[in-house]
Amino acid sequence: MNSFLLLSYSFRRRTSSSYAMIASSIKNTHQSSHFINYCRRPLSSTAATPPKQQQQDDPTYTLLFHRSPSRSTPPRAMLGISTFNLSYWTWYVADFTPSVNAAAQSKLALGQIDAETLDILLIDPKMGYVGLGVSLAIWGGAFMYVKQLVSAMWKGSNGSVAVSGLKLPLLTEPKVLKRTVYDPNSNQFDGVENIQFTQSELESENVEFYSQGDLSISGEKDVNDLLVKFDGEFGKKIGHLALKVNDDNDDGSGENGNDTSSALSHLSKQKYLLDIGSVDEIMPNASPHLLRSLVIRDHHLMTGGNKKVQTNNNGRKGSWKHNVKPDESDGNSRANSVNVGRSIKKKGFR
């Protein structure tokens, strides 16, 4: 009897101990699950939503345009060949021609050659200076072209626009564009179009910032094609778009005078070249913001349905009214850009 009681007590004690171990294991598993879920949260450029004052001090920026790095090879080749060509003609003028002429003069002084042979050996310095001038012009054009190429554009939460060019001398894109964010839900890395950049990290890459309306497209034909032919869709406008910095006194009415002076005026104000190679380089729903930033101010397409009266070349006044609203959700902004192009197509655009 005593043995039976002792065995029963031992069994209940072991059972109780097992239940305690199971409960402790479940608790630890639950805590580990919370820790794993915490660690698997998607990364972002900011750990938490900053307060309103901090957002004003360091606004966030979303990518609008990203030039494909694979298209940097032709500009590199152009700059490299023109630099080599300039270096060659510099050496030709500064070292080769003086050395050859000095050697020929020395042989004449020693009596090794006559005057007729001297005329054959001497090199005309003018040919070198002509080659140097042409090579300098080619290099200057290549340098200005690659310097003005836009690598990326961002829109800011404060309405501003950030622009970055290619980094000299190798024409590389800003390092901040190489960031990726891991999304545990899709088990993939999100691209740069889904990353919120801060102004401080863009400033570290020497990115330039402009208020809305400070930059505009510097070409009447390009603007006309963009609005009328492509309905405001920047991704369809394949090629170069020259961007200028608007002056305080520039009302966007265009320059008067002949075509040569107008072209020189546009060229002198040109700041960037937006080289669009494919529709994939324009981020989704980026066209409406690009339209508001680069077209609206310069061509009097006022926001909020305001009306602007403009006098054309024939002296007649024309007016148009467009419903381009300020920054809203990107769901309706794409439709707004299309409506701008269609309304201009119906009412005319000079």
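Given the condition of a type in the set (A, V, I, L, M, F, W, C), at pLDDT 90 or above and open to solvent by less than 50 Å² (accessible area, probe 1.4 Å), answer yes or no: does some residue in the range 202-212 qualify?
Pass one, the range 202-212, residues of a type in the set (A, V, I, L, M, F, W, C): 202, 207, 209.
Filter once more, keeping what is at pLDDT 90 or above: 202, 207, 209.
In the following step, the residues that additionally are open to solvent by less than 50 Å² (accessible area, probe 1.4 Å) were identified as 202, 207.
Among the residues of the range 202-212, at least one is of a type in the set (A, V, I, L, M, F, W, C), at pLDDT 90 or above and open to solvent by less than 50 Å² (accessible area, probe 1.4 Å), which makes the answer yes.
Scanning the range 284-313 for residues that are open to solvent by 20 Å² or more (accessible area, probe 1.4 Å) and either at pLDDT 70 or above or under 17 Å from the mean Cα position of the chain (by Cα) (or both) yields PRO284, ASN285. Selection of the range 90-120 for residues being modelled with pLDDT under 95 and open to solvent by 70 Å² or more (accessible area, probe 1.4 Å) yields GLN105, LYS107, ALA109, LEU110, GLN112, ASP114, GLU116, ASP119, ILE120. For SER87, state whether it is of a type outside the set (A, V, I, L, M), surrounded by 12 or more Cβ atoms within 10 Å (Cβ to Cβ) and under 30 Å from GLU281 (Cβ atoms). When the stated conditions are applied, SER87 does not pass them.
Residues in the range 138-170 that are open to solvent by 10 Å² or more (accessible area, probe 1.4 Å) and of a type in the set (Ser, Thr, Tyr): TYR145, SER157, SER160.
Would you call SER135 open to solvent by 50 Å² or more (accessible area, probe 1.4 Å) and not hydrophobic (A, V, I, L, M, F, W, C)?
Details: open to solvent by 50 Å² or more (accessible area, probe 1.4 Å): no; not hydrophobic (A, V, I, L, M, F, W, C): yes.
For SER135, the condition - open to solvent by 50 Å² or more (accessible area, probe 1.4 Å) and not hydrophobic (A, V, I, L, M, F, W, C) - is not met.
Among the residues examined, GLU173 does not qualify as charged (D, E, K, R), open to solvent by 60 Å² or more (accessible area, probe 1.4 Å) and modelled with pLDDT of 90 or more.
Of everything in the range 113-166 that's in a helix (DSSP H, G or I) and acidic (Asp, Glu), which residue is nearest to PRO284 (Cα to Cα)?
ASP119
The values are calculated or read from the model by the stated rules, or taken from the named source; none is laboratory data. Owing to the predicted nature of the structure, the values given are computational and were not obtained by experimental measurement. Heads up, the Cβs are rebuilt from the backbone with ideal geometry, glycines too, and the neighbour counts pull from every protein chain shown. Side chains included, ligands, DNA and RNA excluded: accessible areas come from the protein's heavy atoms. Shrake-Rupley method; radii C 1.70, N 1.55, O 1.52, S 1.80 Å.
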